[in-house]
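The values are calculated or read from the model by the stated rules, or taken from the named source; none is laboratory data. Because the structure is a prediction, the values reported are computed rather than measured. Here the Cβ is made from the backbone with ideal geometry for all residues, glycine too, and neighbour counts use every protein chain on show. For accessibility, only protein heavy atoms count, side chains too; no ligands or nucleic acids. Shrake-Rupley method; radii C 1.70, N 1.55, O 1.52, S 1.80 Å.
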Amino acid sequence: MKTTSKIIKEIIFGHVGACIVLLCIVPVFFTAYGLYRGFEIKVEQISDPSDEEDLIVVGFSQLGSESGWRSAHTASIQQALTKDAGYFLIFNNARQMQDNQIKAIRSFISQRVDYIVFAPVIEDGWDTVLLEAKNAKIPVIVTDRKVNVQDDSLYTAWIGMDAKEEGKKAGKWLESYLEQEQRQTEEINIVVLKGTVGSTAEIGRTKGFAEIAARHRNWNILESVTAEFTANKAKEVMRDMLRRYPEMDVLISQNDDMTIGAIDAMQEAGISFGEEGDITIISFDATRDALELVKEGRINVDVECNPVQGTYVNEIIQKLENGESVQKYYVVEEKVFTKENVAEFLKDRKY
Ligand code: AHR
């Protein structure tokens, strides 16, 4: 027969005890979790646009975070559309997926934002969602890349680069460089690292460069391969190209991140490049890191793509708020950087 003290010990240390302990701990845990969740919900409520009635609510769908240029573009929008400037900014990163951008835009519509700003990953496929925004009477401002839509009234304004002109600038630079080197009649073997296929930057830079290349029968474009605007992919692609095309003279890399990846691959393979080397490098973007390489003569030329577009977005929204009309297209100013002129711009380069 169990004594009372034995029964008490079993309650404390045995199965019954374990159950009692669990029965005590579980509600405490859930209460604590509930409080935690409650806190979380409270934070969301604090940041609910409806609490910020005087602010202009902007939903911004950024296509991703693939490059240094992209970070600068995101920062430019975030720095222009601040609370102090009168905005409530809802940011969404689509991670290179058009579907994610479409979902984000639909969520901005259902949240009844005042404006939608977005940087489209590719040009095609926006008609339906932009019609939904138009029907909801939400002005859409497209930034960076373009959209290819049947009806241009589906968006209010576009701010971005002239990508075709950038491609032409690259071609014209190569023309004058080869002339200067007295290599105008030599066979010039060119490899192209392309950005995201179907994006304005890829379409425009490819077309622009091809237009100049068409004037030169001795320019051979050996291959154009996408490395999706990223350094890692470019390193991989370049390793393969170096193995397949030992005769390569010129690398056209459609952004600085890919250029940096390609340089890694060239260094790994012991191949020289830049002003003193075997492979001439033409890059796009002109981010700080790449301009340092231009200064050192490791990249021959960098055609600028200007990411500072937030100020334009702010100006457009302010005009619309005041009932003023806005232009349909705004093209940002862009330069070409070589060793000769880079130093004076490098000192003020923020990105
Ligand atoms: O659309 C602009 C391009 O996209 C930039 O050249 C590139 O760096 C970015 O990812």
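Please find, among F229, F284, the residue that is part of a loop (DSSP other than H, G, I, E, B), under 27 Å from the mean Cα position of the chain (by Cα) and within 14 Å of G68 (Cβ to Cβ). Full working, then the answer.
Details: F284 fails: part of a loop (DSSP other than H, G, I, E, B).
Only one candidate qualifies: F229.
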For this session: Quickly run through the stretch 108-164 and pick out the residues that are of a type in the set (D, E) and within 19 Å of I77 (Cβ to Cβ).
Result: D114, D144
Exercise. Pairs, please: C-beta under 7 Å, at least 6 apart or cross-chain, first residue on the phi < 0 side of the Ramachandran plot and in the stretch 75-94, second at pLDDT below 95?
Worked result: F88/P49; F88/E52
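May I ask you to verify whether E276 is charged (D, E, K, R), away from the ligand (no atom under 16 Å from the Cβ), assigned to a loop (DSSP other than H, G, I, E, B) and surrounded by fewer than 22 Cβ atoms within 10 Å (Cβ to Cβ)? It would help to see each step written out before you state the result.
On the way: charged (D, E, K, R): yes; away from the ligand (no atom under 16 Å from the Cβ): yes; assigned to a loop (DSSP other than H, G, I, E, B): yes; surrounded by fewer than 22 Cβ atoms within 10 Å (Cβ to Cβ): yes.
Here the answer is yes, as E276 does meet what is asked.
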Problem set entry | Number of the condition not met by D289 [criteria: (1) touching a residue at least 12 places away in the same chain (Cβ under 8 Å); (2) assigned to a helix (DSSP H, G or I); (3) open to solvent by 80 Å² or more (accessible area, probe 1.4 Å); (4) under 21 Å from S176 (Cβ atoms)] | (4)
For this session: Mind counting the residues in the stretch 308-351 that are open to solvent by 50 Å² or more (accessible area, probe 1.4 Å) and of a type in the set (S, T, N, Q)?
Result: 5
Exercise. Would a scan of the stretch 147-164 turn up a residue that is surrounded by 21 or more Cβ atoms within 10 Å (Cβ to Cβ), within 30 Å of I279 (Cα to Cα), within 16 Å of the ligand (Cβ to nearest atom) and of a type in the set (D, E, K, R)?
Worked result: no
Exercise. Do you know which of the residues in the stretch 244-263 that are touching a residue at least 24 places away in the same chain (Cβ under 8 Å) and assigned to a helix (DSSP H, G or I) is most open to solvent (accessible area, probe 1.4 Å)?
Worked result: I260
For this session: Output the residue which, of all residues in the stretch 177-203 that are without any contact (Cβ under 8 Å) to a residue 24 or more places away in the chain and open to solvent by less than 60 Å² (accessible area, probe 1.4 Å), is nearest to the ligand (Cβ to nearest atom).
Result: L178
